[in-house]
Amino acid sequence: MDFLKRTWAEIDLDHLAFNVKQIQKCLPKDTRMMGVVKADAYGHGDRYIAKEMENLGLQNFGVSNLEEALSLRESGVESDILILGVTPASAVQKLSDYHITQTVYSLEYAQKLSDAAVRTGVRVDCHIKLDTGMGRIGFHAGDDYIATEQIISAYRLPNLDFTGIFSHFSSSDDISNEGIAYTKKQKEHFDQTVAALEQKGLYFKVKHLQNSAGVLNYRSCHYDLARVGIILYGLPLDTLPDCDIPLKPVMSIRSAVSMIKTVQKGDCISYSRRFTADKEMRLATVPIGYADGYLRAFADKGRMIVRGQYAKIVGSICMDQLMLDVTDIPGVQAGDVVTVVGSEGSCQVTLGELAGIAGTIHYELACLVSRRVPRIYQKGGKTVGIVDYIVEE
Ligand SMILES: *Cc1c(COP(=O)(O)O)cnc(C)c1O
């Protein structure tokens with residue numbers, strides 16, 4: 001196996017294992033972790049990531065849609081898979097054949113799913129989703145009103161097996177007084193609704209509420225599962241500057257210098273002459289651009305690491321290439337490895353830093369690492385797998 005050394009992402013499976021251990025320490029002994037691997041495992045590549053998580057003992061996975069669930073099954077994942085979003089009712093056969101659990105978030109949807117299951121002659125496992133304050137999908141569960149009757153009607157529909165119930169925090173990363181009050185209210189709505197349903201004889205094997213921030217900030221929560229995403233990938237919550245569990249970033253992004261040149265005072269660099277040299281400079285061209293997920297918004301403030309030193313981006317970022325100022329870094333040559341995200345010596349560039357420059361969050365940047373960037377999986381210092389989305393092996 002080989003890959004073209006243009007731009008690539010190194011995925012450190014040892015760091016993933018480290019993060020899993022650290023997070024498990026925050027959870028009650030009988031709370032299992034659901035590995036949230038939607039969006040290709042936040043850009044890390046769901047096949048290798050989910051298999052590795054399974055090796056590390058995780059037995060539950062969360063994805064956004066049916067295609068992602070089927071991709072996990074294809075790569076040999078045997079654990080429980082919950083689709084957190086909608087699946088067309090016409091796909092009930094696939095849900096049933098591949099033992100995939102579907103989220104049911106309204107009576108209308110439950111009816112469609114049940115009708116299709118009856119027509120097809122299959123049964124589908126489902127988890128009820130409550131909307132306790134996220135305002136996205138779910139049966140309403142608030143102070144004034146709980147959609148209890150609708151949930152009971154859904155529960156009684158034929159060919160659906162309700163094995164779980166869950167809800168989602170909107171603000172568990174917000175540790176202001178208002179944020180904490182809101183999250184506590186959501187937890188109350190969840191607990192009260194589950195209690196009300198149990199009183200009516202509706203029992204659920206699996207209850208779950210927390211996401212990553214919910215795990216770190218609300219450790220007294222005690223449910224059967226915790227749905228953990230971002231921190232598994234070693235991306236800390238920026239609202240928790242002194243997060244007391246250490247995490248190691250799983251993804252690094254690297255590239256290699258394609259060309260070195262000297263430019264003179266007055267020379268213009270990149271589209272729209274965005275940068276003009278004010279002295280003689282040495283520039284390195286690097287083959288990464290916004291089509292790889294390296295946003296134009298990183299220009300001016302963005303930096304990379306070359307030969308153990310920071311180098312600033314000069315000029316606009318193009319679709320496939322950009323230029324770095326390496327005037328003060330001696331000896332840079334074509335072929336030198338460039339650390340785009342990750343560490344080298346004492347220097348480090350994080351997705352969090354880049355997110356700050358672009359006015360977004362690291363979640364978004366991780367998902368935007370495009371399919372043009374092959375993922376190289378490493379364990380014990382060795383390459384154990386490569387996913388090249390463009391040229392299949
Ligand atoms: C994405 C998602 C999660 C994981 O969120 P993190 O903040 O990455 O831990 C959990 N639950 C649901 C319903 C989600 O959509």
Restricting the stretch 218-237 to residues that are part of a strand (DSSP E or B) and not basic (Lys, Arg), the one nearest to the ligand (Cβ to nearest atom) turns out to be VAL228
Taking the stretch 138-169 and keeping residues in contact with a His (Cβ under 9 Å, 6 or more places away or on another chain) and either within 16 Å of the ligand (Cβ to nearest atom) or of a type outside the set (Ser, Thr, Tyr) (or both) leaves GLY138, ALA141, GLY142, ASP143, ILE146, ALA147, GLN150, PHE162, GLY164, ILE165, PHE166, SER167
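For (1) assigned by TED's automatic domain parsing to the domain that holds ALA141; (2) part of a helix (DSSP H, G or I); (3) basic (Lys, Arg); (4) away from the ligand (no atom under 16 Å from the Cβ), each residue gets a yes or a no:
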residue	(1), (2), (3), (4)
LEU4	no, no, no, yes
TRP8	no, no, no, yes
PHE18	yes, yes, no, yes
LYS29	yes, no, yes, yes
GLY35	yes, no, no, no
LEU58	yes, no, no, no
LYS94	yes, yes, yes, yes
Here the residues within the stretch 295-313 that are open to solvent by 10 Å² or more (accessible area, probe 1.4 Å) and at pLDDT 95 or above are LEU295, ARG296, ALA297, LYS301, ARG303, ARG307, GLY308, GLN309, TYR310, LYS312
Contact list, first residue from the stretch 182-202 and open to solvent by 20 Å² or more (accessible area, probe 1.4 Å), second anywhere and among the aliphatic types (A, V, I, L, M) and part of a loop (DSSP other than H, G, I, E, B), beta-carbon distance below 7 Å, six or more apart or interchain, is LYS187/LEU209
Per the list (1) buried (at least 23 other Cβ atoms within 10 Å of the Cβ); (2) more than 22 Å from TYR203 (Cα to Cα); (3) aliphatic (A, V, I, L, M), residue check on VAL124 breaks on (2)
Query raised in the report: Does LEU130 meet the test of being in a loop (DSSP other than H, G, I, E, B) and surrounded by 17 or more Cβ atoms within 10 Å (Cβ to Cβ)?
Result: no
If we keep only residues of the stretch 350-367 that are away from the ligand (no atom under 16 Å from the Cβ) and under 22 Å from ASP40 (Cβ atoms), then the residue most open to solvent (accessible area, probe 1.4 Å) is THR350
Selection from the stretch 74-106 of residues open to solvent by less than 30 Å² (accessible area, probe 1.4 Å) and β-branched (Val, Ile, Thr) yields VAL77, ILE81, ILE83, THR87, VAL92, ILE100, THR101, THR103, VAL104
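The values are calculated or read from the model by the stated rules, or taken from the named source; none is laboratory data. Treat the numbers as computed from the prediction; the structure is a model and nothing was measured. Cβ atoms come from the backbone with ideal geometry, glycine included; neighbour counts cover every protein chain shown. To get the accessible areas, we keep the full protein, side chains included, count just its heavy atoms, and leave off ligands, DNA and RNA. Shrake-Rupley method; radii C 1.70, N 1.55, O 1.52, S 1.80 Å.
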